[in-house]
Amino acid sequence: MNKIPFENLFFSKTRDFLDLFLAGQCSRSPHTIKAYRDALTVFRRYVVDERNYSLKTFSFSDCSRDFTLDYLEYMQNQDLSFNTCNHRLAALKSYLWYVADGDISVQQTALAVSHVPFLKVPDKVKYILSDQCLAAILAAPKNTKIGMRDTVIMVLLYDTAIRLGELLDLKIGDIVLDAPAPYVRIHGKGDKERLVSMTDKTAGHLKHYINKYHGMAAFGSDHVFYTIIHDKRNRMSPGNVERLINKYADSIRCDFPELPAKVHPHMFRNPNLNKIQTFLLKPTYRLTILS
């Protein structure tokens, strides 16, 4: 049996692919590189343990379209999610194209494997909070300082439809409440800036919140929503917002048993919901939702 040249062995270029190409040339994150490494490791185990190949004989030409289709079927039989299967298939395709770019003899294999279709991922069913359910959650916080803060967070998520990360990145200087049309300045992805309007009643809630939590000595660079750790103000974490939302969701669950096990902040910004225009700002700063 003729010995296969090392450069023709399938896994001979994995270190270059991961360490030189992904890390060095593409500047991929350590997390991404780990995902590619894990995907190729799983494929290697399939080659050796399931197909009984030796790493000393499995070559690029052995990784045919049919071989890859069998691998995809094997992953499905392991009850892996479609997304996981697709991620591992994508890593395999990327590796082959990397090798083919420097070795013309591998291009036919890379082309054949590239034609293996990804699995069609079914659309996720998005849960939509009903107007009644949303109103109950917004009315759930107690008439306390923390309750007022939690109410403002949820109302702002709903009224402006901004993302949770954008909400937590808000600084005092990003909020304009005295304009004819109150708005917040959002710094989105790619350092793009946009202005998002809010209702006068939401602006009223936010003004009372800022007076209570920041006072007259607030700096424009201060985060609007914060937590205090070791006597220092820190940007509030997404997990903190998720916990408070689910605390109020649990408090109304007996009246709304259809609520999902976990209510996510993005459910407040669903564009299909009608605006609730029944906020009433009382002197106690308590949000009341009227019928």
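The values are calculated or read from the model by the stated rules, or taken from the named source; none is laboratory data. Remember, it's a predicted structure, so these values are computed and weren't measured experimentally. All Cβ positions, glycine included, derive from the backbone under ideal geometry; neighbour counts span all protein chains shown.
For this structure, a couple of remarks:
- The one condition from (1) within 29 Å of GLN132 (Cα to Cα); (2) among the β-branched types (Val, Ile, Thr); (3) more than 26 Å from the chain's Cα centre (by Cα) that VAL176 does not meet is (1).
- Some residue of the range 148-156 being closer than 30 Å to SER81 by Cα and out of contact with any Phe, Trp or Tyr (no Cβ under 7 Å at 6 or more places or on another chain): no
- Residue pairs meeting the criteria (Cβ under 6 Å; at least 6 apart or on separate chains; first over 13 Å from LYS171 (Cα atoms), in the range 209-225; second surrounded by 15 or more Cβ atoms within 10 Å (Cβ to Cβ)): TYR209/VAL152
- Checklist (1) farther than 19 Å from HIS87 by Cβ; (2) surrounded by 12 or more Cβ atoms within 10 Å (Cβ to Cβ) applied to GLY24, failing item: (2)
- Taking the criterion of being more than 20 Å from the chain's Cα centre (by Cα) and either of a type in the set (Ser, Thr, Tyr) or within 13 Å of ILE210 (Cα to Cα) (or both), the residues of the range 157-173 that qualify are LYS171, ILE172, GLY173.
- Only a single criterion out of (1) of a type in the set (Ser, Thr, Tyr); (2) in contact with a Phe, Trp or Tyr (Cβ under 7 Å, 6 or more places away or on another chain); (3) over 18 Å from PHE118 (Cβ atoms) is not satisfied by SER27, namely (2).
- As a summary of the residue check, LYS93 satisfies the conditions (1) charged (D, E, K, R); (2) in a helix (DSSP H, G or I); (3) under 19 Å from the mean Cα position of the chain (by Cα); (4) not assigned by TED's automatic domain parsing to the domain that holds ARG194 except for the one numbered (3).
- Criterion applied to LEU195, LEU177, LEU167 was being surrounded by 16 or more Cβ atoms within 10 Å (Cβ to Cβ) and in the same structural domain as VAL155 (by TED's automatic domain parsing), and the one residue passing it is LEU167.
- Among residues of the range 16-42 that are without any contact (Cβ under 8 Å) to a residue 24 or more places away in the chain, those with a beta-carbon under 8 Å from a residue that is surrounded by 14 or more Cβ atoms within 10 Å (Cβ to Cβ) and not in a helix (DSSP H, G or I) at least six positions away or on a different chain give the pairs LEU22/ARG28.
- Candidate set from the range 4-15 (those that are without any contact (Cβ under 8 Å) to a residue 24 or more places away in the chain and part of a helix (DSSP H, G or I)); member that is surrounded by the most Cβ atoms within 10 Å (Cβ to Cβ): SER12
- Selection count, the range 211-234, where residues are in a loop (DSSP other than H, G, I, E, B) and either at pLDDT below 85 or surrounded by fewer than 12 Cβ atoms within 10 Å (Cβ to Cβ) (or both): 9
- Any hit, the range 141-161, residues being touching a strand residue (DSSP E or B) at 6+ places or on another chain (Cβ under 6 Å), among the hydrophobic types (A, V, I, L, M, F, W, C), surrounded by 14 or more Cβ atoms within 10 Å (Cβ to Cβ) and under 23 Å from ASP200 (Cα atoms): no
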